[in-house]
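Each value in this text was obtained by applying a stated rule to the coordinates, not by laboratory testing. These figures come from a predicted structure and were not determined experimentally. Every residue, glycine among them, receives a Cβ derived from its backbone with ideal geometry; neighbour counts consider all protein chains shown.
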Amino acid sequence: MSWTNGPAPDPVALFLLYLDAQRGYSPATVAAYGTDLEGVHVFLQRRDKGLHDPAAVTKNDVTAFLADLHRRSLAKSSVCRKLSALRAFYRFLRQRKLVADDPCASLSNPKLPKLHPKVLNVDQAVHLVESDVTPDPEGLRDLALLEVLYGSGLRVSEALGLDFGDVDLDQRLLRVLGKGRKERVVPLTNPAVERLRRYIEQRGAFGPAPREQAIFLGKRGGRLTRKQAGRIVKAMAALSGVPSSISPHTLRHSFATHMLQAGADLRSVQELLGHSRISTTQRYTHLDLAQIMRVYDSAHPLAGKTGESEE
C-alpha cells in the first residue's frame with residue numbers, strides 16, 4: 001500500500017529497507033513488520049492520520065489502537081508483536097531525528113502467560129529420527145532432514161538454507177547462516193553424517209538444475225520449502241507414533257532441552273542455537289529444573305516428609 005500522500009520519503013519503506021539491508025532480517029520477518037505497521041496505518045486513517053506523518057501520531061492514538069485490538073479479542077501475543085513493531089519503527093525514526101517524540105514510550109505490553117516450548121522426550125525424539133521409511137530418495141532426504149533439525153538444533157530456515165559448501169561431512173561440521181545473517185559452525189552427529197551421505201548419493205533423483213547448490217530438495221528439484229518441511233515432520237511423526245502436532249521447531253526445542261538435561265552448560269547451548277541473548281536460551285532451563293526436582297523428590301530421604309515430627 002502507499003504510505004505517503006506526496007513526494008516526501010516514505011518512512012515505513014525506509015524502516016523496512018533498514019531492517020533488510022542493515023539489520024539483515026529475513027524477508028519473512030521484514031514482511032511481518034510491514035504487515036503489523038500496515039494495520040496501525042489503516043487504523044490511524046480512521047482518525048485522519050497515518051504513518052506517512054509519524055510525528056502527528058500521539059500516545060492517545062496508539063492507546064486507541066491497542067483498545068481496538070482488545071475489543072477485537074486479539075491474542076495478547078499478537079498485541080505485543082504489533083506494539084513491538086511500532087516501537088521499533090519510532091526508535092528508528094528518533095535515531096535519525098525524523099521525529100522528536102515516541103508515542104509508545106510510556107506504554108506497557110500486555111502481561112503474557114509464561115509459555116514453555118513444546119518438546120519431545122528423548123524416547124520420542126529417537127523414535128522419530130529412526131522412523132522406518134522406504135529407503136528411496138525422498139525417505140533418505142526426510143531422515144537426513146530430521147537428523148539435522150534434531151541432532152544439530154537448527155532452525156528450519158537454517159537447515160533449508162544449507163548448500164554444498166556449508167557441509168563438511170569429514171569434519172562433521174555445518175556452517176549455518178542464522179538470524180541477522182550471523183554465521184556459526186555447529187557439529188553433526190555421526191548418524192546425521194551417515195544419513196546425509198546416503199541422501200546426497202541419491203539427491204540427483206530429484207532432478208536438480210546443474211547449478212543448484214541446495215542440499216535439501218523438493219520434488220521439482222528446487223530448494224525444499226518451509227511448508228514442505230513442516231509436512232515432512234508431521235508425516236514422520238505419524239509414522240513413528242509421535243504426536244502429530246509437532247513442527248520442525250519442536251525438534252530444535254527438544255535438542256536444547258535434551259542437551260541441558262545431559263549436563264551441557266547454558267553458554268554452550270546458547271552458542272549452538274545461535275541465540276544472541278542468554279535469556280532466550282534460559283527458557284529451556286525450566287524443563288531441566290523439573291527433571292532435577294523429580295530426581296530430588298525420589299532420592300532425597302527427607303523429600304517426601306510432611307514436616308511433622310513422628311512419635
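So, R0 is 41 Å and r is the distance between the beta-carbons of residue 97 and residue 130; what FRET efficiency does that work out to, to 0.05? About 0.10, to the nearest 0.05.
Estimated at 0.36 nm per residue, the fully extended path between residue 55 and residue 175 surpasses their Cα-Cα distance by 38.8 nm.
For 200, 246, the sequence from fewest to most other C-beta atoms within 10 Å is 200, 246.
Tell me the trypsin sites (Lys or Arg not before Pro) within the stretch 7-97 that lie in a loop according to DSSP and have at most 15 other beta-carbon atoms within 10 Å. Here the trypsin sites (Lys or Arg not before Pro) that fit, given the DSSP loop and packing criteria, are 23, 46, 47, 72, 96, 97.
Overall dimensions of the stretch 92-221, expressed as equivalent-ellipsoid semi-axes from the Cα gyration tensor (√(5λ), whole Å, largest first), are 38, 21, 14.
State whether the stretch 11-95 is rounded, prolate or oblate according to the following rule on the C-alpha gyration tensor (a ≥ b ≥ c being the square roots of its eigenvalues): a/c under 1.5 gives rounded; otherwise a/b larger than b/c gives prolate, and the remaining case gives oblate.
Oblate shape, in that a/c is at least 1.5 and b/c is the bigger or equal ratio.
Computed across the stretch 136-185, the Kirkwood hydrodynamic radius from all distinct Cα-Cα pairs reaches 11.4 Å. The mean sequence separation of alpha-carbon pairs under 8 Å and at least six residues apart, normalised by the residue count of the stretch 11-95, gives a relative contact order of 32 percent.
Here each label is just a point 7 Å from Cα along the line to Cβ, and for residue 185 and residue 277 those points are 2.9 nm apart.
Here each label is just a point 7 Å from Cα along the line to Cβ, and for residue 46 and residue 121 those points are 4.9 nm apart. Annotation: average projected area of the stretch 5-156 is 13.4 square nanometres, based on the convex hull of Cα atoms across all directions.
3J(HN,Hα) along the stretch 23-38, derived from phi through the Karplus expression 6.51 cos²θ - 1.76 cosθ + 1.60 where θ = phi - 60°, amounts to 8, x, 5, 5, x, 5, 5, 4, 5, 5, 4, x, 5, 5, 5, 4 Hz, with x in place of Gly and Pro. Between residue 262 and residue 67, the modelled labels are 5.4 nm apart [label points 7 Å from Cα along Cα→Cβ].
What the phi angles of the stretch 60-76 give under the Karplus curve with 6.51, -1.76 and 1.60, with θ = phi - 60°, is a coupling list of 4, 5, 5, 4, 5, 5, 5, 5, 5, 4, 5, 4, 8, 6, 5, 4, 4 Hz, glycine and proline written as x. Scanning residues 5 or more positions from residue 161 or on other chains, none has an amide H under 5 Å from its amide H, with H placed 1.01 Å from N in the peptide plane. A cut-off of 5 Å between modelled amide H atoms, ignoring neighbours fewer than 5 places along the same chain, links residue 173 with 168, 188. Shown for the stretch 122-295 is the translational diffusion coefficient from the Stokes-Einstein equation, using the Kirkwood radius over Cα pairs, a temperature of 20 °C and a viscosity of 1.002 mPa s: 129 µm²/s.
Projected over all directions and averaged, the alpha-carbon convex hull of the stretch 207-284 occupies 7.2 nm². Mean sequence separation of contacting Cα pairs (under 8 Å, at least six apart), scaled by the length of the stretch 122-295, corresponds to a relative contact order of 25 percent.
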